[in-house]
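Shown next, in C-alpha cells, is the structure this report addresses.
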Amino acid sequence: MSDPQFGRAFASLHERLNEHFESINDRAETSQHYWAEQSREMIALIKEVTNFLNSLKQADIEVKLTEPYSEAIKECQSWLARSGGSAIPDDFKQVKITQYEPVFSRSDTEIKLKKSSQHTKLQLVGEGSYAKVFSFVDPDYGIKFAIKRANKDLDERDLYRFQQEFQILKRLSFPYVVEVFQYDSARNEYQMEFCDTTLRKYIKKRNNTLSFSSRKRIALQFLYGVNYIHTEGLLHRDVSLQNVLVKTFNGGAVLVKLSDFGLAKDRGSEYTRTKTEMRGTYRDPVLESFKDYGVRNEMYSIGWVLSYIFSGREALLSLDDAPSKIVRKCTAHDVDDRYASVRELIGAVEGMEATPPPTDAPA
C-alpha cells in the first residue's frame, strides 16, 4: 500500500493474512483440519489486526479492511481453537485471496493538508498600539484568513489582555462576532476570519448612495452582535467604528462583525486588568472610573456608532427624526435616561420605517 505513514505495517499484515488464508483454503479441501500452532498464530494475528485498527481509530485515523477479508476473519474466529488444532467446518467458503491490491485503506473522509509543507506570504492590513493584522490565503482552501499578532514590545499586562481577547472570542459563536481559530503561543498571534473593511471605511465610501433601509439593516446587525455579547455576560468597553468590521459579498450584501475584544470584561467580575485607567475610543464623559463601566456606559459608544451609520458623519445626530432621537437617548448626559438594554434599543431601531421603500440590494 502506498500510504506514507502506515504502508509497511499494512503490507506486513496483508502478507501474513494471505499466508494463513492460503493454508486454510488448502486444508479445507484436504483434511479439514488446521494445525494447532498455526491456529494459535492466526488467533494472535486477528487480535493484532483488531488492536491496530482500534488504535488508529482512537487517533482519529479511519482505516478500513476490505469486506471480503473482514468477513473471512469473522468466519475464522468462529471455529479457530487455541489447542489441539482447529476443525474447519464443512460449509467453509474459500477465501478469495487479494494479492496485488491493498486490503487496508484510509477512509474517504480524510484529506492530505498542504499546510505542513507550504509557506504563505503575509500582507499587512492594519496595525495599532498593541497588535498588527495580516492577511493570507490558505493553501488548502484558497480562502483568505487574517492573523492578529501582538507587538513584541508589549508589557506583561497588555500581552495578557491580548491573550484574553483570543480566549473570549474563542468561546463566542455568533454571526455578528468575528470568529477566531487557533492561537500560536510561540509567536503570540492567532488566526481569525478575514473581513474586507471597517465600518467607518465601508460607509464613508458609499455614504452618498447608501439607502436608509441598508443603513437600518447594518445598524441591526451591529446591535444584534452587541446584544449577544451582553447576554453572554460581557461588556465590550471599546465599541467604535474601527472595531466593527464588515464582510462584503456579491450583490451588495454585507455582514457586520464585532471585533477587538481586548478591553472586554465579564459583567459579573469586580476585577479589571486596566484598573481605573480610562481607555476606549468613545469614552462616556460621565464615567469616572473604568471599573464602574456598565451597560448604560456602553450605550454611549453604541450611540456614536449608530449616528455614523445613519449619517456618515463623525458627529452626533441632532435633527428631529427617528435616528436622531435614538442617538440622543443612547448618549443622554443622565445615564438613567439612556436605554437600559440593547434589546430595548433594538426594538426602537426595528420600529423605524424605511423611507422611501427599499429598492437597494440587501445588506
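Please count how many residues of region 74-83 are touching a residue at least 40 places away in the same chain (Cβ under 8 Å) and either farther than 16 Å from Ala44 by Cα or assigned to a helix (DSSP H, G or I) (or both).
1
When the residues of region 64-107 are narrowed to those that are buried (at least 16 other Cβ atoms within 10 Å of the Cβ) and aliphatic (A, V, I, L, M), which ends up nearest to Glu29 (Cα to Cα)?
Out of the qualifying residues, it is Ile88.
Being of a type in the set (D, E, K, R) and assigned to a loop (DSSP other than H, G, I, E, B) is the filter; apply it to region 176-210 and report the residue that is surrounded by the most Cβ atoms within 10 Å (Cβ to Cβ).
If we filter region 176-210 for residues that are of a type in the set (D, E, K, R), which is where we start, we get 179, 184, 187, 189, 193, 196, 200-201, 204-206.
Among the residues that remain, those that are also assigned to a loop (DSSP other than H, G, I, E, B) are: 179, 187, 196.
Working: Glu179: 14, Arg187: 11, Asp196: 16.
So, considering only residues that are of a type in the set (D, E, K, R) and assigned to a loop (DSSP other than H, G, I, E, B), the one surrounded by the most Cβ atoms within 10 Å (Cβ to Cβ) is Asp196.
When you scan region 141-154, do you find a residue that is of a type in the set (Lys, Arg), under 16 Å from Leu245 (Cα atoms) and crowded, with 18+ Cβ neighbours inside 10 Å, even just one?
Yes, some residue in region 141-154 is of a type in the set (Lys, Arg), under 16 Å from Leu245 (Cα atoms) and crowded, with 18+ Cβ neighbours inside 10 Å.
Restricting to region 129-175, name every residue that is assigned to a helix (DSSP H, G or I) and of a type in the set (S, T, N, Q).
Selection gives Gln163, Gln164, Gln167.
For region 3-54: of the residues being without any contact (Cβ under 8 Å) to a residue 12 or more places away in the chain and assigned to a loop (DSSP other than H, G, I, E, B), which is nearest to Lys96 (Cα to Cα)?
Thr30
Out of Asp292, Asp266, which single residue is over 29 Å from the mean Cα position of the chain (by Cα), modelled with pLDDT under 95 and not aromatic (Phe, Trp, Tyr)?
Asp292
Please determine whether any residue of region 319-333 is out of contact with any Phe, Trp or Tyr (no Cβ under 6 Å at 6 or more places or on another chain) and in contact (Cβ under 8 Å) with a residue 40 or more places away in the chain.
yes
Output the number of residues of region 192-215 satisfying the condition of being under 21 Å from Phe261 (Cα atoms) and basic (Lys, Arg).
2
Write out, first by first residue and then by second, each pair whose Cβ atoms fall under 9 Å of each other, whose residues are 6+ apart or on separate chains, and whose first residue, in region 188-212, is farther than 30 Å from Lys152 by Cβ while the second is of a type in the set (Gly, Ala, Ser) and surrounded by fewer than 18 Cβ atoms within 10 Å (Cβ to Cβ).
That search, which allows pairs on different chains as well, returns Ile203/Gly312; Lys204/Gly312; Arg206/Gly312; Asn207/Gly312; Asn208/Gly312; Leu210/Gly312; Ser211/Ala354; Phe212/Ala354.
Can you report the number of residues in region 59-102 which are small (Gly, Ala, Ser) and under 39 Å from the mean Cα position of the chain (by Cα)?
Within region 59-102, residues that are small (Gly, Ala, Ser) and under 39 Å from the mean Cα position of the chain (by Cα) number 2.
The values are calculated or read from the model by the stated rules, or taken from the named source; none is laboratory data. Remember, it's a predicted structure, so these values are computed and weren't measured experimentally. Cβ atoms come from the backbone with ideal geometry, glycine included; neighbour counts cover every protein chain shown.
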